[in-house]
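*Asks:* Take a look at the following structure, please.
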Amino acid sequence: MGLAYYPRVGIPSSRSNGVHDFHPVEQDADRRAFLYFNKNVGGFQDDMVLTNKDYRDNKGWDFDRNPLNVDGSNTRDQYVNYLNSNDIMSLDKIRIRAKWYDYASWIFTPIGPVWVGLKNAGIYNK
C-alpha cells in the first residue's frame, strides 16, 4: 500500500473498537499471512478434509487465535482450506484495498492523512 498504509490501515487499527481480531484491518493482515505461509512454507496447510483431523491440532493456521471472518459472522470456527479455490476466493471479502484519497491525503500533510485515517476508522468501526 505504500503511503496509503497510514491512513488506510495504521490509524484505523489504532482506533479499532470491539474485538480487534474481527476489525477489517486485522482481518486483512490475517488473510495476507494465511496466504503467505501456505504458499511459502511446505506442508503448512492443515487440510482436515483430506486427513479427517481437527484443524485445532496445533498444525498450520490457528483459526481460533487468528480467525478469518469470510462469512461476516464474527465467529472463530470458520475453516478456510488453502487447497480449495472457492475458499481462497472467499478471502477477497476481507481484503483491504487502498483508495485514491488515501494517497492524495498526503498532499495536505500532516492533517490530510490523519483526517482520512480517522474517517476510515469511523467507517470500519460501524
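Please treat every number below as a calculation from the coordinates, not as lab data. Since this is a predicted model, take the numbers as computed values, not measurements. Every residue, glycine among them, receives a Cβ derived from its backbone with ideal geometry; neighbour counts consider all protein chains shown.
*Asks:* Within the chain, count lysine pairs with alpha carbon atoms under 24 angstrom apart where the residues are 8 or more positions apart or belong to different chains. Intermediate values should be presented prior to the final figure.
*Replies:* Numbers: LYS39/LYS53; LYS39/LYS59; LYS39/LYS93; LYS93/LYS119; LYS93/LYS126; LYS99/LYS119; LYS99/LYS126.
Lysine pairs meeting both conditions in the chain amount to 7.
*Asks:* Could you give the size of the charge dipole of region 2-124 about its Cα centre, using +1 on the Cβ of each K and R and -1 on the Cβ of each D and E, expressed in debye and rounded to the nearest 20?
*Replies:* On the way: 15 positive and 15 negative charges, 105 e Å.
Computed charge dipole of region 2-124: roughly 500 debye.
*Asks:* Mean residue ellipticity at 222 nm from the helices of the chain, using -39,500 (n - 2.57) per DSSP H segment of n ≥ 4 over the full residue count, to the nearest 500 deg cm²/dmol? Provide the component values of the computation, followed by the final result.
*Replies:* Details: 6 runs with 50 residues, N = 126.
Per the formula, -11000 deg cm²/dmol.
*Asks:* Also: Enter the angle in degrees (range 0 to 90, nearest 10) between the Cα long axis of helix 111-124 and the first principal axis of the Cα atoms of the chain, meaning the one along which they spread out most.
*Replies:* Around 40 degrees separate the two axes.
*Asks:* Which angle between 0 and 90 degrees, to the nearest 10, do you get for helix 24-40 versus the longest principal axis of the chain when only C-alpha atoms count?
*Replies:* Result, in degrees: 50.
*Asks:* Can I ask one more? Can you classify the chain as rounded, prolate or oblate using the Cα gyration tensor, where a ≥ b ≥ c are the square roots of its eigenvalues, rounded means a/c under 1.5, and otherwise it's prolate if a/b beats b/c and oblate if not? Write out the running numbers ahead of the final one.
*Replies:* Details: a/c = 2.93, a/b = 2.19, b/c = 1.34.
Here the chain falls in the prolate category.
*Asks:* Please report the relative contact order for the chain, taking Cα pairs under 8 Å with a sequence separation of at least 6, and give it as a percent rounded to a whole number. It would help to have the intermediate numbers written out before the result.
*Replies:* Details: 154 pairs, mean separation 48.3, N = 126.
This gives 38 percent for the chain.
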